[in-house]
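First comes the structure, then the notes that go with it.
The values are calculated or read from the model by the stated rules, or taken from the named source; none is laboratory data. It should be emphasised that the depicted structure is a prediction, and the values quoted were computed from it without experimental measurement. Glycine also receives a Cβ, built like all others from the backbone with ideal geometry; neighbour counts cover every protein chain displayed. Calculation scope for accessible area: heavy atoms of the full protein, side chains included, ligands and nucleic acids excluded. Shrake-Rupley method; radii C 1.70, N 1.55, O 1.52, S 1.80 Å.
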Amino acid sequence: MKILIVVSEMITFTGSPMYNYTLAMELRSQGHNVDVYSIFSNNEIRNNLWKNGVIPITKIDENKNYDLTLISQNTHKALLDNLKSNRIINIVHSEYDVESPIISPKIDKYITIRPSIKDHIVKEHGIDKENVAVIYNGVDFERFNSDKKKKHDGKYVKVVLPCTIDKLRLKFLNYYTEKASEKFRVYIYGHNYISEFIEKVNDYVYVEEAKFDIENYIADADLVAG
């Protein structure tokens, strides 16, 4: 199949970019021809797609017909006017307005990454629940497996949270950061959309930008969540 994946700026390796990156790599491994349309601010993401046979594009060829298009974020709705595709699926990644479903007769089905998002778009946007499927975030078992595990010194519990820091996750983040101590250290890797969050953490919470090679940062973790 010729498949097009449409996603907003590929800048951090969390959230929608990570979902679509993993999806593109998996579809390519199954033998499909995959193009990814985006703004590629992160060269590691773009170069790794190229290296694995996925074609990163910054302009859609209006003469090319795709068997399937997977499109994220309603900011791309205008693309539907000239897009040639036999089937178009809208992936909805969160309840935020930027992730609102694309309402168009050209959308065949919707995918959400968890049941709460399905409930949200059915209730708030009037989408028929029969047209919505829940498909959770995928895991690349070649990158994340027990053979790559290593141990730290064992003097503390290492918790790694690879996730975007936003208000939807505050309850989850607070649960772990409030427990942080010398014996329970919390490492968060993700773009920070809550500037005041860092002011609330203690000396045993470490906040850094999202990492492309996140598997190397969780290899010695005792617990991974997010």
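A few remarks follow.
- Residue in the range 24-40 that is open to solvent by less than 10 Å² (accessible area, probe 1.4 Å), within 19 Å of the chain's Cα centre (by Cα), more than 27 Å from GLU215 (Cβ to Cβ) and among the β-branched types (Val, Ile, Thr) present: no
- Among all positions in the range 118-125, there is no residue which is open to solvent by less than 80 Å² (accessible area, probe 1.4 Å), within 30 Å of ASN216 (Cβ to Cβ) and hydrophobic (A, V, I, L, M, F, W, C).
- Residues of the range 65-80 classified as among the hydroxyl-bearing types (Ser, Thr, Tyr) and free of Cβ contacts under 8 Å to residues at least 60 places away in the same chain, total: 0
- Breaking point among (1) assigned to a strand (DSSP E or B); (2) more than 23 Å from the chain's Cα centre (by Cα); (3) within 22 Å of ARG87 (Cα to Cα), for GLU130: (1)
- Single residue of the range 59-79 satisfying the filter (under 21 Å from ALA133 (Cβ atoms) and more than 22 Å from the chain's Cα centre (by Cα)) that is most open to solvent (accessible area, probe 1.4 Å): ASP67
- Leading residue by the ranking (nearest to LYS149 (Cα to Cα)) among those in the range 189-224 that are open to solvent by 30 Å² or more (accessible area, probe 1.4 Å), acidic (Asp, Glu) and assigned to a loop (DSSP other than H, G, I, E, B): ASP222
- When the range 1-13 is filtered for residues that are surrounded by 21 or more Cβ atoms within 10 Å (Cβ to Cβ) and either free of Cβ contacts under 8 Å to residues at least 12 places away in the same chain or touching a Ser or Thr at 6+ places or on another chain (Cβ under 6 Å) (or both), the ones remaining, listed by number, are LEU4, VAL7, MET10.
Let's see how each residue does on (1) open to solvent by 40 Å² or more (accessible area, probe 1.4 Å); (2) farther than 18 Å from LYS151 by Cα; (3) under 21 Å from the mean Cα position of the chain (by Cα):
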residue	(1), (2), (3)
THR177	no, yes, no
LYS183	yes, no, no
TYR187	no, no, yes
GLY226	yes, yes, yes
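- Remark: pairs (first residue in the range 171-199, closer than 14 Å to ALA225 by Cα; second residue open to solvent by less than 30 Å² (accessible area, probe 1.4 Å) and among the small types (Gly, Ala, Ser); Cβ separation under 7 Å; 6+ apart in sequence or on different chains) = VAL186/ALA180; TYR189/ALA210; GLY190/ALA210.
- Of the numbered criteria (1) open to solvent by 90 Å² or more (accessible area, probe 1.4 Å); (2) modelled with pLDDT of 80 or more; (3) outside any helix (DSSP H, G or I); (4) not acidic (Asp, Glu), the one LYS151 fails is (2).
- When the range 133-148 is filtered for residues that are open to solvent by 90 Å² or more (accessible area, probe 1.4 Å) and free of Cβ contacts under 8 Å to residues at least 24 places away in the same chain, the ones remaining, listed by number, are TYR136, PHE141, GLU142, SER146, ASP147.
- Of all residues making up the range 91-115, the number that are in a helix (DSSP H, G or I) and open to solvent by 50 Å² or more (accessible area, probe 1.4 Å): 3
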